[in-house]
Each structure stands twice: as C-alpha cells, then as structure tokens.
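Okay, structure first, notes after.
What follows is calculated from the coordinates using simple rules that are stated; it is not laboratory data. Computed from a predicted structure; not experimentally measured. Methodologically, a virtual Cβ is constructed for each residue, glycine included, from the backbone with ideal geometry; neighbour enumeration extends over all protein chains shown.
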Amino acid sequence: MLSAVIADLQAKLLAAEEALRKSEERATAGQLALEVMHEIRNPLEALGYLVNLTLQDAEDAARVRRHMHTAEEQVIALNEIAGSTLRLARPSPIPRFVDLSILAEAALRIHQRAIESKGVHLVKDVRGDLTAEVYTGEILQVISNLMVNALDAIPEKGTVCLRLRKSCGKLRILVADNGHGIPKEIIGQVFTPFFTTKEGRGTGLGLALSRKIIEHHKGTIRVRSSVRPGSSGTAFQISLPA
C-alpha cells in the first residue's frame, strides 16, 4: 500500500516538473515574441513611409519601381524575422540540428532592453561550427535563464560575456558576469529547486530546470564563482555533445 502511494507521489512530482518546464519554455517564447515586436517596428515603419512615397510619386514610374524594390527588401526582412522566431519559439517534439549561435542571438534579443537600460558591456564571442542536435526551445530557455541571472547580478554598466565554442568534440556555452558572485557556502545549492538568492524575486526554478534540460541533452552544466572584491563574478558553462 505504501509503495503504491510513493509511486503515485513520484508520478505526480514528475508531472509537475514537466508542467513547470513547459511553462518556463512558454514564458521564454513569449518574451522572445515581445522583443520581436519591437524588432519589426523599423521595417513596418519603413513600409509605411514607402507607401506614402509611392502615392506621392504615382505619376513617376521609375520612382515607383525604386520604392517597390525597397519595399520588397523590407518584406523579405520581416519574413525572415517572423520565420526564424516561429522556428525558435515553437516547442519541437523531436530534436533537430540547429546553429547554436542563432539561439544565442535570440536570447540576446529577449533581454535587449535590459542590456541597454543597464548600460551593460556585452562581450560576445562566437566561433566555429556550432551546429548541434537539440530541442531548440529548451536550449533557448536555458541561455535565457543564464542571461537573466547574469543581468540581475551585475551593477549598472557591468559586464556580461556570452561565449560559444566547439572543442574536444563538445559544444561549450559560457555565460559569465562581473557581478557580486555567489558565496562558497551556498554555491552548491544553486541548482536546487526553489533555492534563490534574489530576495523575493524569482521562483528559484530557473537553474534547476536548466540543469534538467541540459542533462536531457546528455550534457553538463557547471558553475564557478568568486566574491572577492575587485574580482567578483560568476560563470556558468554548458557542455553539449557536438
């Protein structure tokens, strides 16, 4: 009887973890969609301007053709933005090969306003063939989670580094900051569900879910940190099969 109750509780826990993972993934997709709305404003405004120019120059066939060629370029740009966003944000039932630099750029778009408003010095270092077979929405979620932590940790005009490399048959993603750091007494708890150092902000689930996602991809995620004045900061490194 007791074993049946335990089994039932374990099944419910697994279901709750999966529901949390999916809700986090949907939240990340929603954030990406909001940032994309800002990104498409420029080509939309350009199209409106070109329509007005075309109406003004309706009697000049050569000018109308030039306006239409420019409008066509803006439409192509909009299609590319919309298409790439849908591919990244839509949960994928099976893993597929994708260039991880595309996911990194999407994560940066999600947090672009926070980066700009805080005057962040962003160091982006992306090199080599970075294609891997992944669940795109999940890996986007992980990179986004790490960016949130880094941006929360740093002061105004702080530094965040996002580095992607391929070495020794592994794809490595590094997100590092020069923030306040994590004391060694608690650093071992950062991947524990509901553990947070954000004093009332956050759920404490981001890193726990991130580790679960990376392990699902047969990878690893590690953290190192320092609280020494003048050299404080935290770095998360992910290794994935190439």
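Brief remarks follow.
- Ascending count of other beta-carbon atoms within 10 Å, so fewest first, for Thr196, Thr234: Thr196, Thr234
- With a Cα cut-off of under 29 Å and a minimum spacing of 8 residues unless on different chains, the lysine pairs in the range 157-242 number 11.
- Counted by neighbouring Cβ atoms within 10 Å, the residues Phe97, Phe236, Phe191 run from fewest to most as Phe97, Phe191, Phe236.
- Theoretical gain in end-to-end length, Val75 to Tyr49 [0.36 nm per residue, Cα-Cα removed]: 8.0 nm
- Packing-based ranking, highest mean first, of 212-224, 64-76 given that Cβ atoms within 10 Å are counted: 212-224, 64-76
- Net charge over other residues, Cβ less than 11 angstrom from the Cβ of Met147 (K, R count +1; D, E count -1): -1
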